[in-house]
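Below you'll find the structure, written out as structure tokens, and then a few comments.
The values are calculated or read from the model by the stated rules, or taken from the named source; none is laboratory data. These numbers come from a predicted model, not from an experiment. With ideal geometry, Cβ positions are generated from the backbone for all residues, glycine too; neighbour counts draw on all protein chains shown. Please note that ligands, DNA and RNA were not included when accessible areas were found on the heavy atoms of the full protein model with its side chains. Shrake-Rupley method; radii C 1.70, N 1.55, O 1.52, S 1.80 Å.
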Amino acid sequence: MSELTLTVMRLGFLAVLWLFVIVAVQVIRSDLFGTRVTQRTAARPGRPERPAARPPQQPAPAGRGGRGRRGAPTKLVVSEGSLTGTTVALQGQTITLGRAHDSTIVLDDDYASSRHARIYPDRDGQWIVEDLGSTNGTYLDRNRLTTPTPIPPGAPIRIGKTVIELRK
Amino acid sequence: MSTNTTGGTSTVSAGGLPSRRNTELALLAFAVVIPVFAYANVGLAKNGSLPAGMVGYGLGLGLLAAVAHLLVRKFAPYADPLILPICTLLNGLGLVLIWRLDQEPRVEPLNAAPGQLMWSAVGVALFLAVLVFLKDHRILQRYTYISMAAAIVLLALPMFFPAVNGAKIWVTIPGVGSLQPGEFAKIIITVFFAGYLMVKRDALALASRRFLGIYLPRGRDLGPILAIWALSLLILVFETDLGTSLLFFGMFVVMLYVATERTSWILFGLLLSAAGAVFVASFNSHVASRVHNWLNPLETVNGNVTETAQVMYAFGSGGLFGSGLGEGYSRFIGGIAVKSDYILATVGEELGLTGMMAILLLYGLLIERGIRTALAARDPFGKLLAVGLSGAFAIQVFVVAGGVTALIPLTGMTMPFLAQGGSSVIANWALFAILLRISDTARRPAPAPAPSPDVEMTQVVRP
């Protein structure tokens, strides 16, 4: 066996050994971030958002114009209430809010109804908030919602003790 | 199941992770290929041709891994995806290294690899048996005091058998073979510690006085730690086995610390173990000679350097990248433990610092997964058991690696999975089976909460 082959094998073996270590660390890394996703931001742990939970009349994910548009909000931030600091990326999906377990944001708030409100993009990519017949109502700025209303950037949406904003 | 952290701002949940079985399968395939590569490498370096048994060996290892994976998929579907592949890789590498040392005609015991392969198969079988029959690790909690008695019997047993290489850690049954009961006692006594500390943790943690910034436990709470200390000293004196005694005492202190969160226990543990070690080393000749070799490794005895020095030469000649598998000179290391205690010397020489680091990292990752399992476990017994098992494993790795690299005096323990020795391989497979069981329970998605909060009435805001 030539010296060269053996040297290549020697270094190759070390490389393969380290590759295994690196792959293993990557698995751990994805595990760590797996745990973070199960914070109350997105779907509930182990219960990915079920299609049935979405309102049936939900339109197909927002038009492309919406996401690419300048100044369109990119995330939803909970700024007050027990979930303060939680963020959800806005990717054209409908976000449901309420105490029900299958809500996108499960509100731990005695003043929220189980299906309280939803936030969805319309065809132009404008984000709309709609009250789903809640007991205590949904407030945009100071006004109680009666119809689906476009959300101006930075306007606070109040549900019980929870305040939500759309941010860039 | 969710646990609220930091005042309820977010809900971190350990459950609900995907099962990750396919990740495990991919890693397992990788873990089988690496030893086969190593096997080919040794054959090419030693004889210039691919070794004849390569296909059979690869198939054997692959078969073991495949059976293990299928049963894990069936019986522990949410278990940690890394533990099984890393154990398989370390075991496979160990087999290759032992086979590689078998190629040296002078290294005792001759032709150890087939035996080791058989022991590995027995180990995997035990691993699977534990996974299949231990449905829930909390069952072990029922046997707290029985396991204490069993562990003490297992520890005391070797006293009645003749010493092997200066240490009485073997039970020899003529015609059948020999066994190191200490390896099994390690697991059983962890069950006892976990069960005992779970009940007594509050008394040990809270009933203490504050003195000079540390918590001093009450005298009567010191009882158990002193009892374990005395037991480990007895092991040291009567079986002259430094490693086992260090393992038990260290494991107890680790679990005590985890159970009570009191730093003072670590302080007491370190003081007691230092005092005990100095005390025993001062009159026991076997332990004293180990310490002497550690302090003066380069001294010549009858014209020969000590084994410690030979191992250090091996590490030195390996350098950064090693000499290559099959091209080292491990045969020059004297003594009878080249394939067991000193197997790390072969790793260091033939794979160099780079390979050594990778191997130690693999051990580190295994331990990390164990601790991670403890963090994710939801019941206190499972938490303590997982910490204890991974702590025992960590201490064992430290004691052996530290001994071989002359960081601490050498003790007669085996590198888990890597070194030749049936008891060690079998016991460690069983250990990781229990960890997998805990991890499966911990990572299993929580069942849907039965009373839905939707039933609660929404409170109405009254102006």
remark   = Apart from one, (1) touching a residue at least 40 places away in the same chain (Cβ under 8 Å); (2) within 14 Å of another protein chain (Cβ to nearest Cβ); (3) more than 30 Å from B:D440 (Cβ to Cβ) all hold for B:G48; the odd one out is (1)
key: Considering residues of the stretch A:103-135 that are crowded, with 20+ Cβ neighbours inside 10 Å and free of Cβ contacts under 8 Å to residues at least 40 places away in the same chain only, the residue farthest from the other protein chains (Cβ to nearest Cβ)   = A:V129
key: Total residues in the stretch B:257-291, condition open to solvent by 50 Å² or more (accessible area, probe 1.4 Å) and under 30 Å from B:F381 (Cα atoms)   = 10
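From B:I408, B:I434, B:I359, which residue is in a loop (DSSP other than H, G, I, E, B) and either in contact (Cβ under 8 Å) with a residue 24 or more places away in the chain or open to solvent by 10 Å² or more (accessible area, probe 1.4 Å) (or both)? Write out each step before concluding.
Details: B:I434 fails: in a loop (DSSP other than H, G, I, E, B); B:I359 fails: in a loop (DSSP other than H, G, I, E, B).
Just one listed residue meets the conditions, B:I408.
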request  = Give just the number: which of (1) part of a helix (DSSP H, G or I); (2) modelled with pLDDT under 85 does B:Q116 not satisfy?
outcome  = (2)
message = Every residue in the stretch B:21-62 that is in contact with a Leu (Cβ under 9 Å, 6 or more places away or on another chain), outside any helix (DSSP H, G or I) and either open to solvent by less than 40 Å² (accessible area, probe 1.4 Å) or under 14 Å from B:I86 (Cβ atoms) (or both), please.
response = B:P51
request  = Please list, ordered by first then second residue, the pairs with beta carbon atoms under 6 Å, 6 or more apart or interchain, first in the stretch B:74-93 and over 17 Å from B:N428 (Cα atoms), second polar (S, T, N, Q) and open to solvent by 10 Å² or more (accessible area, probe 1.4 Å).
outcome  = B:P77/B:S19; B:Y78/B:S19; B:P81/B:T23
key: Some residue of the stretch B:147-162 being out of contact with any Gly (no Cβ under 8 Å at 6 or more places or on another chain), modelled with pLDDT under 85 and part of a loop (DSSP other than H, G, I, E, B)   = yes
key: Residue count, the stretch A:14-44 (criterion: over 13 Å from B:L365 (Cβ atoms) and modelled with pLDDT under 90)   = 14
Conditions (1) more than 14 Å from chain A (Cβ to nearest Cβ); (2) under 24 Å from B:W119 (Cβ atoms); number of the one not met by B:V347 = (1)
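State all residues of the stretch B:292-336 that are among the polar types (S, T, N, Q), exposed (fewer than 14 other Cβ atoms within 10 Å of the Cβ) and assigned to a loop (DSSP other than H, G, I, E, B); if no residue qualifies, say none.
Correct list: B:N296, B:N302.
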